[in-house]
1. Output the number of residues of region 139-169 satisfying the condition of being open to solvent by less than 20 Å² (accessible area, probe 1.4 Å), in a helix (DSSP H, G or I) and aliphatic (A, V, I, L, M).
2. With the requirement that a residue be outside any helix (DSSP H, G or I) and either touching a Phe, Trp or Tyr at 6+ places or on another chain (Cβ under 9 Å) or not hydrophobic (A, V, I, L, M, F, W, C) (or both), what does region 175-199 give you?
3. When both residues are 6+ apart or on different chains and their Cβ atoms are under 9 Å apart, which pairs have a first residue that lies in region 425-442 and is touching a residue at least 40 places away in the same chain (Cβ under 8 Å) and within 12 Å of Asn391 (Cβ to Cβ), and a second that is open to solvent by 60 Å² or more (accessible area, probe 1.4 Å) and of a type in the set (D, E, K, R)?
4. For residues in region 403-424 being touching a Lys or Arg at 6+ places or on another chain (Cβ under 7 Å) and open to solvent by 60 Å² or more (accessible area, probe 1.4 Å), which is farthest from Asn391 (Cα to Cα)?
5. In the set Glu370, Glu390, Glu414, Glu430, which member is under 25 Å from Ser491 (Cα atoms), modelled with pLDDT under 95 and of a type in the set (Asp, Glu)?
6. State all residues of region 454-480 that are more than 18 Å from the chain's Cα centre (by Cα) and either over 11 Å from Ile307 (Cα atoms) or modelled with pLDDT under 95 (or both); if no residue qualifies, say none.
7. Mind listing whichever residues of region 175-185 are open to solvent by less than 20 Å² (accessible area, probe 1.4 Å) and within 18 Å of the chain's Cα centre (by Cα)?
8. Among all residue pairs at least 6 apart or on different chains, which show Cβ distances below 8 Å where the first residue, located in region 118-139, is under 16 Å from Asn100 (Cβ atoms) and the second is modelled with pLDDT under 90 and of a type outside the set (Asp, Glu)?
Amino acid sequence: MITVTNVSLRYGKRALFEDVNIKFTPGNCYGLIGANGAGKSTFLKILSGEIEPTKGEVSITPGERLAVLKQNHFEFDEVEVLMTVIMGHTRLYKIMEEKNALYAKPDFSEEDGMRAAELEGEFQELDGWQAESDAAELLLGLGIPTELHNVKMKELDGNQKVRVLLAQALFGNPNILLLDEPTNHLDLESIQWLINFLGKFEGTVIVVSHDRHFLNEVCTHIADIDFGKIQMYVGNYDFWYESSQLALKMAREQNKRIEEKRKELEAFIARFSANASKSKQATSRKKLLEKLTLEDIRPSNRKYPFIKFTPEREAGKQLLTVDRLSKTVDGELVLNNISFVVNKGDKIALVGPNGIAKTTLFQILMGELEADSGEYSWGVTTSQAYFPKENSAYFDNDLTLVDWLRQYSKDQDESYIRGFLGRMLFSGEEALKKASVLSGGEKVRCMLSKMMMSGANVLLLDEPTNHLDLESITALNNGLIEFDGTMLFVSHDHQFVQTIANRIIEITPKGLIDRTTTYEEYLANEDIKKQRELQYA
């Protein structure tokens, strides 16, 4: 267990945390959420001892071992992969080092022999003889093949390093796990493996993630950082979001049908508890979710951008036809004779491991690249709005946000543009920021504003959730669910794809797999699994 008592952290006059008191107990997984800059990663560093609080203390139950997902991808470059994982159990690794040093001594003494015997005893108690096979099993589960287990870390690419560092944090059954964005750079199979691992994990898990599907699958509690305080809620992310929004609605309408709103919230809690108590997650976490009461729910102070795409006109039946398109990029054939027709109302998720292929297809469809062969045609009633994966060229200027957005607005009135920016959380002085100094998330919100102003009836979005916080991801997700036009999009956000897409097109080395279905049904379909195996063979 981790106990946080009266913890405050100040940087000069600014208080990031103020008198935080909270307990994290075994058998539970806590999702640490908060707006960008709220201090999620900083709080994890306080828990791990990497940062000392200005006042207060963090205490861990004596004898419990804490493991942290390291963020420095170059720290272990000269260490072999398997040994990097074993280093996650600091005591076991030190024993191995000391043993090896003793046995390597040319003048091995009787005293050395006694010390070696002590070390061998402790080594056996810590399952040291099983360490290499346990480490290998973790690596395989996270997609690191056996042939890479004995190479040095510097020989791996960035994605592989992240997986090894995650295996390091999980190694040796620690009592407490601190995980900062653990699903970054993981493929679907590895994410599912991690979800299953954490479902069986009996210790304490505290995780920061922008992956809502992951938070929903693993979390029993949400710890919400807001205004320097941390408020604990029972349940997963979706429950926190939906119930806090209902509670906020109740608070705003205190004098309107109070009892009706109360019953609505109570019904929501009962429905959630009934569903959650049957789930694998709740069963493994001792069904704590059944204890929810109305008093557990509080309105959230979090601000969400207003995202709504409204087509200026309805598209006809002829939207987009793609006929035998092929394209080679840097010597690699990324699009291989692909053909498909987009129908009115399609919300198509483009999936597949090759990100270059999907981005290349969008660039061809938007006229930024030419195909090597084949053709495509847009219907005459269509208008397109495009969200590119790389947007830096749009912000390479000294325009204020008001003037930047004015470029794309039919209404040039400043009050109209400021109103639009305000809905996207750029209010007051924020609207006068220079475009060139925006953060990644702010640039994405600007690009979405540009798209909304276009009134397009077909949207193309390439990884739109990158750089966004959970609030903006949720707002965009809801906005695209409500959009009644047609779209093609790319995303690695499981929940985003599942809740928006009604058709899945997977780009493979040998062509397309095209199905009208939801994402989860696509992943679970046995016939599609067999087809995928053939396409990637």
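The values are calculated or read from the model by the stated rules, or taken from the named source; none is laboratory data. These numbers come from a predicted model, not from an experiment. As a convention, Cβ positions derive from the backbone with ideal geometry for all residues, glycine included, and neighbour counts pool all protein chains shown. Only protein heavy atoms, including side chains, enter the accessible area calculation; ligands, DNA and RNA are left aside. Shrake-Rupley method; radii C 1.70, N 1.55, O 1.52, S 1.80 Å.
1. 8
2. Hits for region 175-199 are Asn175, Ile176, Leu177, Asp180, Glu181, Pro182, Thr183, Asn184, His185, Leu186, Asp187.
3. Ala435/Asp396; Ala435/Asp398; Ala435/Asp403
4. Looking at the filtered set, the residue picked out is Gln412.
5. Glu390
6. If the condition is that a residue be more than 18 Å from the chain's Cα centre (by Cα) and either over 11 Å from Ile307 (Cα atoms) or modelled with pLDDT under 95 (or both), then Ser454, Gly455, Ala456, Asn457, Val458, Leu459, Leu460 are the ones that fit.
7. Selection gives Leu177, Leu178, Leu179, Pro182, Thr183.
8. Pairs found: Leu126/Gly172; Ala131/Gly172.
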